[in-house]
1. Within the P(r) computed for the chain, what percentage of the Cα pairs occupies the region above 25 Å?
2. Within a Cβ distance under 14 Å of residue 205, other residues only, what is the Lys/Arg minus Asp/Glu net charge?
3. Going through the cross-link list 24/99; 3/245; 34/99; 61/99; 6/190; 34/135, which pairs have a Cα-Cα distance over 21 Å in this structure?
4. Within a Cβ distance under 12 Å of residue 173, other residues only, what is the Lys/Arg minus Asp/Glu net charge?
5. Would you list which lysines come within 17 Å of residue 212, measuring only between C-alpha atoms, while excluding same-chain residues fewer than 8 positions from it?
6. Give me the angle, in degrees from 0 to 90, between the Cα long axis of helix 20-35 and the longest principal axis of the Cα atoms of the chain, rounded to the nearest 10.
7. Out of region 142-190, which trypsin sites (Lys or Arg not before Pro) are coil in DSSP terms and have no more than 15 other C-beta atoms within 10 Å?
8. Restricting to DSSP H runs of at least four residues, report the calculated mean residue ellipticity at 222 nm for the chain, -39500 (n - 2.57) per run over all residues, nearest 500 deg cm²/dmol.
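The values are calculated or read from the model by the stated rules, or taken from the named source; none is laboratory data. The structure presented is a predicted model; accordingly, all values stated were derived computationally and were not measured. No Cβ is skipped: glycine too gets one built from the backbone with ideal geometry, and neighbour counts run over all protein chains shown. Ligands, DNA and RNA are stripped out before the accessible areas are found, and what is left, the full protein with its side chains, is counted by its heavy atoms. Shrake-Rupley method; radii C 1.70, N 1.55, O 1.52, S 1.80 Å.
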Amino acid sequence: MQKLLKQLNKQFDSQLIKNSEYQKFLDTMHSFLKEQQLDWKNDHEFSCFQNEILYYSLLNKHQFEDTFRNVYVSMFDYWKDLDYQERKHQVNVDIDRLKTSLKSFRFHDQDIYIPIFDERMNRVYRDEMVLFDLKQYGRFRTDFKDIIVADDYYGDILYQSDFCSCRYIATCERGTVLYHPLVNRLYIVKAGICIDTISLDPSCIGQVDDGKLQILISCYVSEDVKSMMEFMIEQKLVNEKFAKKLNKQIIKLNKKQK
(Lines give C-alpha, C1' and ligand atoms only; values in the text may rest on other atoms or scores of the structure.)
Protein backbone atom coordinates (compact mmCIF):
# COMPACT_ATOMS: atom_id res chain seq x y z
CA MET A 1 0.00 0.00 0.00
CA GLN A 2 2.77 2.45 0.88
CA LYS A 3 4.34 1.89 -2.55
CA LEU A 4 1.04 2.83 -4.23
CA LEU A 5 0.59 5.91 -2.03
CA LYS A 6 4.12 7.00 -2.87
CA GLN A 7 3.34 6.67 -6.58
CA LEU A 8 0.12 8.67 -6.26
CA ASN A 9 1.69 11.41 -4.16
CA LYS A 10 4.60 11.74 -6.58
CA GLN A 11 2.47 11.70 -9.73
CA PHE A 12 -0.15 14.13 -8.44
CA ASP A 13 2.04 16.41 -6.33
CA SER A 14 -0.22 19.45 -6.58
CA GLN A 15 0.83 21.67 -3.66
CA LEU A 16 -1.83 23.61 -1.79
CA ILE A 17 0.57 26.44 -0.94
CA LYS A 18 1.11 27.02 -4.68
CA ASN A 19 -2.59 27.07 -5.46
CA SER A 20 -3.50 30.60 -6.62
CA GLU A 21 -6.93 30.41 -4.99
CA TYR A 22 -5.41 29.48 -1.63
CA GLN A 23 -2.29 31.67 -1.76
CA LYS A 24 -4.04 34.97 -1.02
CA PHE A 25 -5.71 33.53 2.08
CA LEU A 26 -2.41 31.93 3.11
CA ASP A 27 -0.65 35.31 2.98
CA THR A 28 -3.42 36.95 5.02
CA MET A 29 -3.30 34.19 7.60
CA HIS A 30 0.50 34.22 7.78
CA SER A 31 0.64 38.00 8.32
CA PHE A 32 -2.03 37.87 11.02
CA LEU A 33 -0.32 35.11 13.01
CA LYS A 34 3.00 36.90 12.71
CA GLU A 35 1.39 40.03 14.21
CA GLN A 36 0.21 37.87 17.10
CA GLN A 37 3.79 36.59 17.55
CA LEU A 38 2.63 33.01 17.18
CA ASP A 39 4.68 30.28 15.54
CA TRP A 40 3.74 29.38 11.98
CA LYS A 41 3.47 25.61 11.66
CA ASN A 42 5.23 24.35 8.55
CA ASP A 43 5.96 20.66 9.12
CA HIS A 44 3.69 19.27 6.40
CA GLU A 45 0.98 20.47 4.03
CA PHE A 46 -1.49 19.48 6.76
CA SER A 47 0.05 22.28 8.87
CA CYS A 48 -1.91 24.73 6.70
CA PHE A 49 -5.13 23.43 8.24
CA GLN A 50 -3.73 23.60 11.77
CA ASN A 51 -2.78 27.21 11.06
CA GLU A 52 -6.32 27.84 9.81
CA ILE A 53 -7.74 26.59 13.12
CA LEU A 54 -5.39 28.89 15.01
CA TYR A 55 -6.26 31.82 12.75
CA TYR A 56 -10.05 31.46 13.00
CA SER A 57 -9.81 30.84 16.75
CA LEU A 58 -7.95 34.11 17.20
CA LEU A 59 -10.41 36.02 15.02
CA ASN A 60 -13.21 34.85 17.33
CA LYS A 61 -11.14 35.58 20.41
CA HIS A 62 -10.51 39.16 19.29
CA GLN A 63 -14.17 39.75 18.55
CA PHE A 64 -15.15 38.62 22.06
CA GLU A 65 -12.52 40.89 23.58
CA ASP A 66 -13.43 43.86 21.38
CA THR A 67 -17.08 43.47 22.31
CA PHE A 68 -16.25 43.49 26.02
CA ARG A 69 -14.01 46.52 25.61
CA ASN A 70 -16.68 48.45 23.70
CA VAL A 71 -19.29 47.74 26.38
CA TYR A 72 -16.85 48.67 29.15
CA VAL A 73 -15.91 51.98 27.47
CA SER A 74 -19.53 52.88 26.78
CA MET A 75 -20.42 52.27 30.46
CA PHE A 76 -17.21 53.57 32.01
CA ASP A 77 -18.84 56.45 33.87
CA TYR A 78 -21.07 54.19 35.92
CA TRP A 79 -19.33 50.78 35.61
CA LYS A 80 -18.12 50.93 39.21
CA ASP A 81 -21.63 51.64 40.45
CA LEU A 82 -22.92 48.30 39.10
CA ASP A 83 -22.58 44.99 40.91
CA TYR A 84 -21.11 41.89 39.24
CA GLN A 85 -24.44 40.49 37.98
CA GLU A 86 -25.48 43.83 36.49
CA ARG A 87 -22.15 44.18 34.68
CA LYS A 88 -22.37 40.60 33.45
CA HIS A 89 -25.87 41.15 32.10
CA GLN A 90 -24.87 44.29 30.21
CA VAL A 91 -21.82 42.60 28.65
CA ASN A 92 -23.69 39.40 27.76
CA VAL A 93 -26.39 41.28 25.87
CA ASP A 94 -23.76 42.26 23.28
CA ILE A 95 -21.83 38.98 23.55
CA ASP A 96 -24.98 36.97 22.81
CA ARG A 97 -25.62 39.12 19.76
CA LEU A 98 -22.04 38.53 18.59
CA LYS A 99 -22.18 34.72 18.95
CA THR A 100 -24.64 34.28 16.09
CA SER A 101 -22.04 35.53 13.60
CA LEU A 102 -19.12 33.38 14.78
CA LYS A 103 -17.83 29.95 13.79
CA SER A 104 -18.49 27.34 16.49
CA PHE A 105 -19.21 23.67 17.18
CA ARG A 106 -20.81 21.61 19.96
CA PHE A 107 -18.59 19.62 22.31
CA HIS A 108 -19.90 17.93 25.47
CA ASP A 109 -23.07 20.04 25.25
CA GLN A 110 -21.10 23.27 25.07
CA ASP A 111 -20.61 25.74 22.23
CA ILE A 112 -16.92 26.04 21.43
CA TYR A 113 -15.91 29.29 19.76
CA ILE A 114 -12.16 29.21 20.44
CA PRO A 115 -10.88 25.65 19.86
CA ILE A 116 -7.32 26.54 20.78
CA PHE A 117 -8.66 26.83 24.35
CA ASP A 118 -10.28 24.20 26.58
CA GLU A 119 -13.94 24.10 27.63
CA ARG A 120 -13.37 26.20 30.76
CA MET A 121 -11.79 29.10 28.87
CA ASN A 122 -14.46 28.86 26.20
CA ARG A 123 -17.06 29.17 28.94
CA VAL A 124 -15.34 32.33 30.20
CA TYR A 125 -15.36 33.91 26.73
CA ARG A 126 -18.87 32.71 25.99
CA ASP A 127 -20.59 33.57 29.29
CA GLU A 128 -18.23 35.41 31.64
CA MET A 129 -16.41 38.07 29.61
CA VAL A 130 -17.14 40.46 32.46
CA LEU A 131 -14.23 38.74 34.24
CA PHE A 132 -11.86 40.53 31.84
CA ASP A 133 -12.26 43.51 34.13
CA LEU A 134 -9.91 41.57 36.46
CA LYS A 135 -6.16 41.55 35.92
CA GLN A 136 -5.83 37.74 36.08
CA TYR A 137 -8.20 37.41 33.12
CA GLY A 138 -7.31 40.59 31.27
CA ARG A 139 -3.84 39.23 30.61
CA PHE A 140 -5.31 36.65 28.20
CA ARG A 141 -5.77 39.39 25.62
CA THR A 142 -2.06 39.21 24.82
CA ASP A 143 -0.58 36.50 27.03
CA PHE A 144 -2.25 33.16 26.33
CA LYS A 145 0.31 30.77 24.84
CA ASP A 146 0.37 28.79 28.09
CA ILE A 147 -3.32 27.88 27.81
CA ILE A 148 -3.38 26.70 24.17
CA VAL A 149 -4.52 23.07 24.06
CA ALA A 150 -3.06 20.19 22.02
CA ASP A 151 -4.03 19.95 18.33
CA ASP A 152 -6.12 16.82 18.93
CA TYR A 153 -7.87 18.09 22.09
CA TYR A 154 -11.34 18.20 20.48
CA GLY A 155 -10.83 15.18 18.23
CA ASP A 156 -12.82 14.64 15.02
CA ILE A 157 -15.55 17.14 15.87
CA LEU A 158 -13.12 19.99 15.20
CA TYR A 159 -12.65 18.88 11.58
CA GLN A 160 -16.40 18.61 11.09
CA SER A 161 -16.69 22.34 11.84
CA ASP A 162 -15.84 25.43 9.76
CA PHE A 163 -12.52 26.07 11.46
CA CYS A 164 -10.49 24.56 8.63
CA SER A 165 -11.03 24.24 4.88
CA CYS A 166 -10.62 20.46 4.80
CA ARG A 167 -13.75 18.35 4.50
CA TYR A 168 -14.32 15.60 7.05
CA ILE A 169 -14.85 12.24 5.31
CA ALA A 170 -14.71 9.52 7.96
CA THR A 171 -13.07 8.11 11.04
CA CYS A 172 -11.33 4.80 10.43
CA GLU A 173 -8.97 2.46 12.26
CA ARG A 174 -5.98 4.50 11.09
CA GLY A 175 -7.35 7.87 12.16
CA THR A 176 -9.43 10.80 10.93
CA VAL A 177 -9.83 11.11 7.16
CA LEU A 178 -9.99 14.60 5.65
CA TYR A 179 -10.18 15.78 2.06
CA HIS A 180 -9.30 19.00 0.28
CA PRO A 181 -10.84 19.63 -3.15
CA LEU A 182 -8.28 22.23 -4.29
CA VAL A 183 -5.62 19.51 -4.49
CA ASN A 184 -7.92 16.45 -4.68
CA ARG A 185 -6.09 14.85 -1.76
CA LEU A 186 -7.02 12.76 1.27
CA TYR A 187 -5.23 13.23 4.59
CA ILE A 188 -5.19 10.56 7.31
CA VAL A 189 -4.63 12.23 10.67
CA LYS A 190 -3.88 10.63 14.02
CA ALA A 191 -3.29 12.52 17.28
CA GLY A 192 -2.99 15.78 15.36
CA ILE A 193 -0.33 14.39 12.99
CA CYS A 194 -0.82 13.57 9.30
CA ILE A 195 0.39 9.98 8.91
CA ASP A 196 -0.55 9.42 5.24
CA THR A 197 -1.86 11.23 2.18
CA ILE A 198 -3.66 9.81 -0.84
CA SER A 199 -3.34 12.08 -3.87
CA LEU A 200 -5.78 11.82 -6.74
CA ASP A 201 -5.55 13.45 -10.16
CA PRO A 202 -6.58 17.13 -9.77
CA SER A 203 -7.92 17.05 -13.34
CA CYS A 204 -10.37 14.32 -12.28
CA ILE A 205 -11.97 16.33 -9.48
CA GLY A 206 -15.36 16.10 -11.18
CA GLN A 207 -15.42 12.33 -10.62
CA VAL A 208 -14.95 12.58 -6.87
CA ASP A 209 -17.65 12.36 -4.19
CA ASP A 210 -17.67 11.36 -0.52
CA GLY A 211 -18.97 7.86 -1.26
CA LYS A 212 -16.05 7.10 -3.58
CA LEU A 213 -13.57 8.54 -1.10
CA GLN A 214 -14.98 6.28 1.63
CA ILE A 215 -14.49 3.23 -0.62
CA LEU A 216 -10.88 4.28 -1.21
CA ILE A 217 -10.37 4.58 2.54
CA SER A 218 -11.87 1.10 3.03
CA CYS A 219 -9.27 -0.29 0.59
CA TYR A 220 -6.54 1.68 2.37
CA VAL A 221 -7.49 0.35 5.80
CA SER A 222 -7.69 -3.26 4.58
CA GLU A 223 -4.42 -2.88 2.64
CA ASP A 224 -6.25 -4.05 -0.50
CA VAL A 225 -3.94 -2.51 -3.08
CA LYS A 226 -5.43 -4.31 -6.06
CA SER A 227 -9.02 -3.27 -5.30
CA MET A 228 -7.88 0.29 -4.71
CA MET A 229 -6.14 0.47 -8.09
CA GLU A 230 -9.09 -1.14 -9.88
CA PHE A 231 -11.51 1.27 -8.25
CA MET A 232 -9.46 4.33 -9.19
CA ILE A 233 -9.33 3.18 -12.80
CA GLU A 234 -13.02 2.21 -12.95
CA GLN A 235 -14.20 5.51 -11.40
CA LYS A 236 -11.71 7.59 -13.43
CA LEU A 237 -10.06 9.09 -10.36
CA VAL A 238 -6.73 9.14 -12.25
CA ASN A 239 -5.93 10.13 -15.82
CA GLU A 240 -5.64 7.60 -18.67
CA LYS A 241 -1.85 7.64 -18.71
CA PHE A 242 -1.58 6.77 -15.03
CA ALA A 243 -4.44 4.27 -15.34
CA LYS A 244 -2.38 2.33 -17.89
CA LYS A 245 0.49 2.24 -15.42
CA LEU A 246 -1.80 0.88 -12.71
CA ASN A 247 -3.24 -1.71 -15.12
CA LYS A 248 0.25 -3.10 -15.69
CA GLN A 249 0.73 -3.42 -11.93
CA ILE A 250 -2.62 -5.20 -11.61
CA ILE A 251 -1.58 -7.71 -14.28
CA LYS A 252 1.63 -8.41 -12.35
CA LEU A 253 -0.32 -8.88 -9.13
CA ASN A 254 -2.70 -11.33 -10.86
CA LYS A 255 0.23 -13.37 -12.11
CA LYS A 256 1.74 -13.54 -8.63
CA GLN A 257 -1.57 -14.69 -7.16
CA LYS A 258 -1.88 -17.62 -9.58
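1. Values: 17830 of 33153 pairs.
Value for the chain (Cα pairs over 25 Å): 54 percent.
2. Working: positive: 167, 185, 212, 236; negative: 21, 201, 209, 210.
For residues surrounding residue 205, the net value is 0.
3. Values: 24/99 27 Å; 3/245 13 Å; 34/99 26 Å; 61/99 11 Å; 6/190 19 Å; 34/135 25 Å.
Listed pairs above 21 Å: 24/99; 34/99; 34/135.
4. Values: positive: 174, 190; negative: 223.
For residues surrounding residue 173, the net value is +1.
5. 226, 236
6. 40 degrees
7. Details: sites: 145, 167, 174, 185, 190; in loops: 174.
Listed in order of number, the matching sites are 174.
8. Working: 11 runs with 131 residues, N = 258.
Taken over the chain, the calculation gives -15500 deg cm²/dmol.
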